Amino acid sequence: MSKRRNRTFIKVLVFLPYLILLFLLQSTVFTRVTVLGMKPLILPIAVVGMSLFKGRITGGVFGLFSGMLMDLAYNQPTVEFTLILTITGIFFGVLSETVLVQGFPSFLLCSALQLVICSACEVLVLSVLAGAPVAALLGTAVSQCLGSIIFAVPFYYVSRFLNRVV
């Protein structure tokens, strides 16, 4: 039991500063940087990395805290990202433990799917709650997905490195 506690403690010591750094980047730097006219999302891509390389439990917990921080960063009144990132963290973790190979093609595919899910939920929430036109929101969602997927390349290497360290 002591080895398990030590592993958990080491994971927390490594992943907590990583998560805080990502939150600071998402809420400060990436609110000013635009790619294709949109602000990129990096926390959902990081959740995919944790899920694919560390499994469903670490992916779900990392997704939970990433979602809470992302809701804070975007000043969301709902728990939209908390639910989405937790569920997808668990889902991609299960896929990596059963079907997917832990390589770049799988990471890129899951990152793209994660961004599409996040954007689709944002479109749904904004169209239902704010009454925004869906056609305009879809164009924005596509631009945000394309602008964010660029960051999958560096996050693949960071996630792979963290997997080897822990």
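Return yes when Phe30 is buried (at least 19 other Cβ atoms within 10 Å of the Cβ), farther than 26 Å from Gln102 by Cβ and among the aromatic types (Phe, Trp, Tyr) and no when it is not.
Considered against the rule, which asks whether it is buried (at least 19 other Cβ atoms within 10 Å of the Cβ), farther than 26 Å from Gln102 by Cβ and among the aromatic types (Phe, Trp, Tyr), Phe30 comes out as yes.
Can you tell me which of Phe23, Phe62, Phe81, Phe9 is of a type in the set (Phe, Trp, Tyr) and surrounded by fewer than 16 Cβ atoms within 10 Å (Cβ to Cβ)?
Phe9
Give the residues of segment 101-140 that are in a helix (DSSP H, G or I) and of a type in the set (Gly, Ala, Ser), sorted by residue number.
Filtering segment 101-140 down to residues in a helix (DSSP H, G or I) leaves 104-129, 134-140.
The answer is Ser106, Ser111, Ala112, Ser119, Ala120, Ser127, Ala135, Ala136, Gly139.
Identify, please: which residue in segment 16-65 is touching a Gly at 6+ places or on another chain (Cβ under 6 Å) and of a type in the set (Val, Ile, Thr) and is, among those, nearest to Pro105 (Cα to Cα)?
My answer is Val47.
Those residues that are free of Cβ contacts under 8 Å to residues at least 40 places away in the same chain, more than 12 Å from Phe107 (Cα to Cα) and not charged (D, E, K, R), I need them from segment 137-166; list them, please.
Selection gives Leu137, Leu138, Gly139, Ala141, Val142, Cys145, Phe161.
Among the candidates Thr58, Thr86, Thr28, single out the residue that is without any contact (Cβ under 8 Å) to a residue 12 or more places away in the chain and either over 17 Å from Pro154 (Cα atoms) or touching a Leu at 6+ places or on another chain (Cβ under 6 Å) (or both).
Thr28
Out of Val29, Val12, Val35, report the one residue that is more than 21 Å from Thr140 (Cβ to Cβ), at pLDDT below 95, among the β-branched types (Val, Ile, Thr) and over 16 Å from the mean Cα position of the chain (by Cα).
From the options Val29, Val12, Val35, the qualifying one is Val12.
Gly147: on the phi > 0 side of the Ramachandran plot and out of contact with any His (no Cβ under 8 Å at 6 or more places or on another chain), yes or no? Walk me through how you get there before you give the answer.
Working: on the phi > 0 side of the Ramachandran plot: no; out of contact with any His (no Cβ under 8 Å at 6 or more places or on another chain): yes.
The answer is no for Gly147.
Name every residue in segment 4-22 that is in contact with a helix residue (DSSP H, G or I) (Cβ under 9 Å, 6 or more places away or on another chain) and without any contact (Cβ under 8 Å) to a residue 60 or more places away in the chain, in order of residue number.
The answer is Leu16, Leu19, Ile20, Leu22.
Looking for whichever is surrounded by 14 or more Cβ atoms within 10 Å (Cβ to Cβ), of a type in the set (A, V, I, L, M), in contact with a helix residue (DSSP H, G or I) (Cβ under 6 Å, 6 or more places away or on another chain) and within 25 Å of Thr82 (Cβ to Cβ) here; the options are Val123, Val134, Val158. Which one fits?
Among Val123, Val134, Val158, only Val123 is surrounded by 14 or more Cβ atoms within 10 Å (Cβ to Cβ), of a type in the set (A, V, I, L, M), in contact with a helix residue (DSSP H, G or I) (Cβ under 6 Å, 6 or more places away or on another chain) and within 25 Å of Thr82 (Cβ to Cβ).
The values are calculated or read from the model by the stated rules, or taken from the named source; none is laboratory data. Here the structure is a predicted model, which means the values were calculated and not measured. All Cβ positions, even for glycine, are placed from backbone atoms using ideal geometry, and neighbour counts span all protein chains on display.
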